[in-house]
Amino acid sequence: MGWSTEQDGAAAQGGPGAEAAGAGPNEGVRARPPVALSPSRASDFMQCPLLYRFRVIDKLPEKPSAAATRGTVVHAVLERLFDAPAGERTAAGARAMVPGEWEKLLAKRPELAELFAGDADGERLATWLAEAEALVERWFSLEDPTRLEPADRELYVETVLESGLRLRGFIDRVDVAPTGEVRIVDYKTGKAPRPQFAEGALFQMKFYALVMWRLRGVVPRRLQLVYLGSGDVLTYDPGEADLRAVERKLLALWEAIRLATETGDWRPRPTKLCGWCDHQAHCPEFGGTPPVYPLEARPADGGGALQGRMEAI
């Protein structure tokens, strides 16, 4: 499980999001309790509390991922494409931006060069760049950039709920209609999920909708997921009841995180995704031992407290 675009953006942002990025070595980094929740970290905890601990508390390093890195490059192209006048936003021009965005990313993160270690003739890199170019070109069959003038791109949002819970994240694109209706758009370089898993995919979008509602007082009219890997567009029109339900879920999730932070009780949750986890050497499910817990912990009130809270989320 490698670097995500949210992690990359949070680290670049510095203060507001750096502690939630969960990236980079833990050497010389003082551990501290989490102070905010982002969509990716919320998903981490729901997937596996121990994974959340490794990323947020221990800040264990993770190997670069070719797929995630390709996604970062594609996102950068689709963001910067709108710097050009509408008539110059062409598929050919966007494809031509891919190598340059890769070079910019590599300059910021030299460790990404290891993705193509041993690729003396550059064949693997050329294939990887071609795949990124194909994803960019596919986007033009799903949306027409000559008819779009985004209000915001790669928008960092942060708000504090009445409960005191701080929510933050990066939104790929925000469109605002002349009538004031808001559309939140997120690009995905993978394939669209099966219908039975669509709710999980929409969780991130509802998270952003809640933040925007609390920030601007307007419920977004539409949430739109653009899947470049399969050429699908998933849309959802939320209402206040939807967003209140998301808020309740996030409050319960944050309470479970708070309890785990205080007790040091971060339990692994084995799933099929474990095979792609970078932290198997530290995971009890694979015979590993987690690092010494870097925060002061108190005994839990009951052995099943955390597990019960997780099952209720």
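Derivation of every value follows stated rules applied to the coordinates shown; laboratory data play no part. Remember, predicted model here, so these are calculated numbers, not experimental data. Cβ coordinates were reconstructed from backbone atoms using ideal geometry, including for glycine residues, and neighbour counts include every protein chain displayed.
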Working from the alpha-carbon coordinates of the range 31-90, get Rg over Rh, Rh being the Kirkwood radius.
1.18
Per principal axis, descending, Cα span of the range 75-123 in whole Å:
41, 22, 12
Distances longer than 29 Å among the Cα atoms of the chain: what percent of all pairs is that?
40
For the range 114-184, just list the percent of Cα-Cα distances falling in each 5 Å bin from zero outward, please.
3, 12, 12, 14, 13, 12, 11, 10, 7, 3, 1, 0
Tally the DSSP beta bridges in the chain and give the antiparallel ones as a percent, rounded to 5.
70
With Rg and the Kirkwood Rh both taken from Cα atoms, where does Rg over Rh land for the range 72-153?
1.02
What distance in nm separates the two pseudo spin-label positions at Leu142 and Glu262, each 7 Å out from Cα along the beta-carbon direction?
4.3
For Glu149 paired with Asp232, estimate the spin-label separation in nm (one decimal), with each label point 7 Å from Cα along the Cα-to-Cβ line.
3.4
State the antiparallel share, in %, of DSSP beta bridges confined to the range 150-261, rounding to the nearest 5.
75
Kirkwood-type radius of the range 166-313, with distances r between different C-alpha atoms, in Å:
18.0
Counting only DSSP loop positions in the range 144-248, the GluC sites (Glu not before Pro) whose Cβ has at most 15 other Cβ atoms within 10 Å are Glu162, Glu181
To make sure I understand the rule: partners must be lysines, Cα under 21 Å from the Cα of Lys191, and not fewer than 8 residues away in the same chain. Which ones qualify?
Lys206, Lys272
